[in-house]
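Inspection log for the structure reproduced underneath, given as structure tokens.
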Amino acid sequence: MTAGDAVLLDPASREWNAVRASELTLRPTPITAQPSLYVQAKWNDEPYGILARLAVRAAHDGARLYLRLFWMDETNNEGIRDTDQFADAAAVLFPVNSDAPLQSMGSPEAPVNAWYWRADLEDPLSITAQGTGTTRRTQDTELQAQGHHSNGAWNLVICRRLASSGEGYISLAPGVSGKVGFAVWQGANQERGGLKAATLEWEPLEIEA
């Protein structure tokens, strides 16, 4: 839907009550897709990607796309105080062209662009990748996010300007259809890197005119 302006950045804004939620199923990323043989061996028999459901709402104000993510998480892991602690995180992934493979984080010919939020970071990051193990993180002043944890759940809004001229960044527009993927990391379960729950296939993205 087309909605208000910066008020949508607030996960608790009443504006979101009018936006229909899509309930998505998440699954662990395949163990064989982990870039490290050590990680594959260590986590082969350990549960990861434990979050099964993610609720997503989308809106825009003509200039920016806002995505509100809601998921259950009993613990608020927003601080890292030791080497065995990890923060909660989430990402929204877009193919830079429609042929980009999702599970391998793109390919050299078909990269992907992600909006990445982590509870312990001040600002979200833009991620570009051209296949497993090629992730590159950069600061993107156009990206904004607000996350709030209460009652055993995270509410997160992440947004960005629709149009982009940055190399490797996705450019969107009202009235244009696309694809999108989602991922969530549970810090309490030591999830990080490729150890996550994700949509293993692209979801349709419809941006109303």
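Couplings for region 32-40, taken from phi via the Karplus curve 6.51 cos²θ - 1.76 cosθ + 1.60 with θ = phi - 60°, read 6, 8, 6, x, 10, 5, 4, 5, 4 Hz in order; Gly and Pro are left as x. Extension gain, GLN190 to ASP84, is 37.4 nm, computed as 0.36 nm per intervening residue step minus the present C-alpha separation.
For region 124-205, relative contact order (Cα pairs under 8 Å, six or more residues apart, normalised by length) works out to 18 percent.
Per-residue ellipticity at 222 nm from helix content only, as computed over the chain with -39500 (n - 2.57) for each DSSP H run of at least four residues, stands at -1000 deg cm²/dmol. Around the amide H of VAL180, modelled in the peptide plane, lie the amide H atoms of GLU203, LEU205, all under 5 Å away and 5 or more residues distant in sequence or on another chain. Under 5 Å from the amide H of GLU191 lie the amide H atoms of GLN186, each residue being 5 or more positions distant or on a separate chain, with H modelled from the backbone and absent for Pro and chain starts.
The charge dipole of region 6-206, taken about the Cα centre with unit charges on the Cβ atoms of Lys, Arg (+1) and Asp, Glu (-1), comes to about 260 debye, rounded to the nearest 20.
Dipole orientation for region 6-206: of the candidates GLY168, THR135, ALA52, GLY168 has the Cα lying most toward the positive pole (charges on Cβ; Lys, Arg +1; Asp, Glu -1). Peptides 181-190, 151-160 ranked from most to least packed by the mean count of surrounding Cβ atoms within 10 Å: 181-190, 151-160. Residues considered: LYS179, LYS196, LYS42. Largest GNM mean-square fluctuation over the chain, using C-alpha springs under 10 Å, is found at LYS42. Residues in region 104-111 carry Karplus couplings, in order, of 9, 6, x, 8, x, 8, 9, x Hz; the curve used is 6.51 cos²θ - 1.76 cosθ + 1.60 with θ = phi - 60°, and Gly or Pro positions show x.
No lab work stands behind these numbers, since they all come straight from the coordinates. Keep in mind that this is a model prediction, so the values were computed, not measured. Neighbour counts run over all protein chains shown; Cβ positions are idealised from the backbone, glycine included.
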